[in-house]
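Undergrad: The following block contains the structure, expressed as structure tokens.
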Amino acid sequence: MQSGSITVTTSGNVTGNYKTQNYLTVASLYDSPVPSSGWFDSGASITASVTSPTSGPSGTQYVCTGWSGSGSVPASGNASFVTFAITQPSSICWNWKAQYQVTFAQTGVGSDFTDNVVTIDGVNYTVTALPASFWWDNSSSHTFSFPSPLIVNASKQYNWVSTSGLTTLKSGTLSVIGSGIVTGNYAAEYIYLVTFNQTGVNADFTGTVVTIDRANHSVAALPLLFWWDNNSIHTFAYQSLLVVTPNNKQYAWISTSGSSTLQSDTVTVAASGNITGNYKTQYYLTMATSPP
């Protein structure tokens, strides 16, 4: 109410001038909307807005999905702002959805592996792309997969060991109900190529030349190639004598060359290598005298 005093010295008129104002009610669970609730001159142009996304607790943000309006405010919209001329009592309610931050990471995989470490919603990510963070809608579902083995070269690979954080699965679908991390844990595994071979034995001997981890192998099976884990333990034995025909021909072991020099041995694998059993041919000599 406006009031005051006047001193009357002549005849005249005093006129009070008014303008119409309408009340705008603004409601929002998050952020500080502009403008807030209040009175506005009728016909005034108002641009109402919120900041989207707006931060919540750690790992949480809220995204405006639009508004619901009445009076001079359009009934609905999906933006974070709206402009209107207010001509009647009006209201605007800002609508929001929650999003959670989900981060994918890995442990154990070195930069020597340059291919895919994890696939998220069909997109591949390498070591250099991790950790990778996503803002995902509450209750949304997303697929992931940690591949294994991750082969670096003929001697080294990484094997998936476990997944920690929001899930323990190697692959699957993650339903988002909160923020967190999904970590694929890998361990390096070294594998080495060990080759067994022989020299000196011909195909006329069809029996066992070498026994490897209690399995027998003939001339026809050699050379034999094995991919063995680092620090794994294996046994071998080159047989001797290799008799082709009794009292006629045989092969005798004379040496082993390469990663071992023994006729039989237990080896602990620490590198690729060759183990070769070397043989010589022996013939049976019958001595006779005349006269006996």
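Undergrad: Give me the distance between the Cα centres of the stretch 216-292 and the stretch 131-186, rounded to whole Å.
TA: Spelled out, the Cα-based centre of one part sits 49 Å from the other.
Undergrad: Whose amide H sits under 5 Å from the amide H of residue 95, counting only residues 5 or more places off or on another chain, with H placed in the peptide plane?
TA: Those qualifying (amide H under 5 Å, at least 5 residues apart or on another chain) are 65, 66, 67, 68.
Undergrad: Would you mind calculating the relative contact order of the stretch 49-105 from Cα pairs under 8 angstrom and at least 6 residues apart, reporting the percent as a whole number?
TA: 37 percent
Undergrad: Quick one: 3J(HN,Hα) in Hz for the stretch 92-106, Karplus 6.51/-1.76/1.60 with θ = phi - 60°, rounded, Gly and Pro as x.
TA: Each residue of the stretch 92-106 in turn: 9, 10, 7, 10, 9, 10, 8, 10, 10, 8, 10, 10, 9, 9, 9 Hz.
Undergrad: If you place +1 on the Cβ of every Lys and Arg, -1 on the Cβ of every Asp and Glu, and leave all else neutral, what size is the dipole of the stretch 156-259 about its Cα centre, to the nearest 20 Debye?
TA: 40 debye
Undergrad: Moving on. List the relative contact order of the chain as a percent without decimals, with contacts defined as Cα pairs under 8 Å and 6+ residues apart.
TA: 11 percent
Undergrad: On a straight-distance basis, which aspartates and glutamates could pair with residue 19 in a cross-link, Cα separation under 12 angstrom, same-chain partners fewer than 8 positions away excluded?
TA: Straight-line reach from residue 19, under 12 Å: 41.
Undergrad: Follow-up. Before I look further, what does the stretch 57-165 give for accessible area per residue, probe 1.4 Å, in whole square angstrom?
TA: 46 Å²
Undergrad: Could you pull out every one of the lysines with an alpha carbon less than 29 Å from that of residue 156, ignoring same-chain neighbours closer than 8 positions?
TA: Candidates past the 8-residue exclusion: 170.
Undergrad: Now for a separate question. Would you work out what percent of the accessible area of the stretch 55-181, with all protein chains in place, is carbon or sulfur (probe 1.4 Å)? All intermediate terms of the calculation are to be shown ahead of the outcome.
TA: On the way: 3140 of 6090 Å².
So the carbon and sulfur contribution to the accessible surface is 52 percent.
Undergrad: Now a separate question. Among (i) 2.05; (ii) 2.14; (iii) 2.23, find the value of Cα Rg over 2.2 N^0.38 Å that was calculated from the structure presented, and write down its label.
TA: Label of the calculated value: (iii).
Undergrad: With θ set to phi - 60° and the Karplus curve 6.51 cos²θ - 1.76 cosθ + 1.60, what are the ³J(HN,Hα) couplings of the stretch 205-217 in order, to the nearest whole Hz, using x for Gly and Pro?
TA: 9, 10, x, 7, 9, 9, 10, 10, 6, 6, 9, 8, 9
Undergrad: Round to the nearest 10 and report in Å² the accessible area of residue 181, as given by a 1.4 Å probe over the protein chains' heavy atoms.
TA: 80 Å²
Undergrad: Around residue 106, which amide H atoms from residues at least 5 apart in sequence, or from another chain, sit under 5 Å from its own amide H, with H modelled in the peptide plane?
TA: 184
The values are calculated or read from the model by the stated rules, or taken from the named source; none is laboratory data. Quantities reported herein were computed from a predicted structural model and do not represent experimental measurements. A quick note on method: Cβ atoms are made from the backbone with ideal geometry, for glycine too, and the neighbour counts reach across all protein chains shown. Only protein heavy atoms, including side chains, enter the accessible area calculation; ligands, DNA and RNA are left aside. Shrake-Rupley method; radii C 1.70, N 1.55, O 1.52, S 1.80 Å.
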